[in-house]
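Reviewing the structure listed below.
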Amino acid sequence: MKIESFPRMTASHLVKSIDLNHHGTLFAGRMAEWLVEVGFMTARATLGCQPENIVCARLHGMDFRKSVGSGDTLVLEGRVAYVGSSSLTVYVEARSFGVSTALPYTDGLVTFVHVIETRAAPHGLVVETPVEGEARDLWNRVLAERHFQQRTTQ
Ligand SMILES: CC(C)(COP(=O)(O)OP(=O)(O)OC[C@H]1O[C@@H](n2cnc3c(N)ncnc32)[C@H](O)[C@@H]1OP(=O)(O)O)[C@@H](O)C(=O)NCCC(=O)NCCS
């Protein structure tokens, strides 16, 4: 199966005063929460499993490029970036509705692990390694992070 054929999930949020930090802009922790939510929904739609069979293992590579103001509508979209044997990494980007920018305001990767009860278990998803375009770039980015993580935990 091609990685591009997996479902993409989107969610929109109105930024309200409860979402703001001490600068009066969107709090990073709220953005992280929304990012993980969209990542989770994307992982679940892809694996087609029950919520209890997915846990979040890692939130990584999150960049905040532009601050988001109160009253803005933030649109987040998740797509699968990497498929392991029991893990799945989702790339999520967030853009401000009605504002066109080359780079998203915020983006990041979220890795989920398929579990049975509390133990990692193969999810059985088979995917072709992408050979071109953004899909290949995301795949290689996650692969490089996995190698780095393995080296630093040995
Ligand atoms: C995620 C968890 C199930 C992994 O269990 P584990 O026995 O360490 O699993 P393994 O070492 O066998 O790794 C299984 C897979 O998960 C991946 N993985 C495990 N920990 C990871 C991490 N911190 N970051 C990225 N990937 C991770 C491994 O790379 C492996 O991927 P692969 O099968 O696709 O090659 C376990 O660490 C856990 O339960 N963590 C807490 C999860 C949680 O509570 N999340 C909510 C936080 S708010």
Response to the item:
Of (1) farther than 26 Å from ALA135 by Cβ; (2) within 16 Å of the ligand (Cβ to nearest atom); (3) surrounded by fewer than 16 Cβ atoms within 10 Å (Cβ to Cβ), ARG58 fails just (1)
Discussion item. Residues that are near the ligand (Cβ under 10 Å from one of its atoms), touching a Cys at 6+ places or on another chain (Cβ under 8 Å) and within 18 Å of PHE64 (Cα to Cα): does region 121-131 have at least one?
Written reply: no
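Conditions (1) of a type outside the set (S, T, N, Q); (2) in contact with a strand residue (DSSP E or B) (Cβ under 8 Å, 6 or more places away or on another chain); (3) under 24 Å from GLN149 (Cα atoms); (4) modelled with pLDDT under 95, marked per residue:
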position	(1), (2), (3), (4)
ILE18	yes, no, no, no
HIS23	yes, no, no, no
LEU35	yes, yes, yes, no
MET41	yes, yes, no, no
PRO51	yes, no, no, no
CYS56	yes, yes, yes, no
Fill in: Hey, THR89 crowded, with 16+ Cβ neighbours inside 10 Å, more than 9 Å from the ligand (Cβ to nearest atom), touching a residue at least 40 places away in the same chain (Cβ under 8 Å) and polar (S, T, N, Q) or not
no
Worksheet, complete the sentence: Residue pairs qualifying under the 6 Å Cβ cut-off, at least six apart or on distinct chains, with the first in region 138-152 being in a helix (DSSP H, G or I) and the second being within 11 Å of the ligand (Cβ to nearest atom), are TRP139/TYR82; VAL142/TYR82; VAL142/THR89
Worksheet item: Pairs, please: C-beta under 9 Å, at least 6 apart or cross-chain, first residue without any contact (Cβ under 8 Å) to a residue 24 or more places away in the chain and farther than 19 Å from GLY84 by Cβ and in region 31-44, second of a type in the set (D, E, K, R) and in a helix (DSSP H, G or I)?
Response: none
Worksheet item: Given region 17-113, what strands (runs of 3 or more DSSP E) lie entirely inside it while holding 1 or more residues that are over 15 Å from the mean Cα position of the chain (by Cα)?
Response: 73-83, 87-96
Item to complete: Could you tell me whether any residue of region 3-19 is in contact with a helix residue (DSSP H, G or I) (Cβ under 8 Å, 6 or more places away or on another chain), surrounded by 18 or more Cβ atoms within 10 Å (Cβ to Cβ) and among the β-branched types (Val, Ile, Thr)?
Response: yes
Item to complete: Would you check if LEU103 is within 14 Å of the ligand (Cβ to nearest atom) and touching a Lys or Arg at 6+ places or on another chain (Cβ under 8 Å)?
Response: no
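The values are calculated or read from the model by the stated rules, or taken from the named source; none is laboratory data. Quick caveat, the model's predicted, so the values are computed rather than measured. Here the Cβ is made from the backbone with ideal geometry for all residues, glycine too, and neighbour counts use every protein chain on show.
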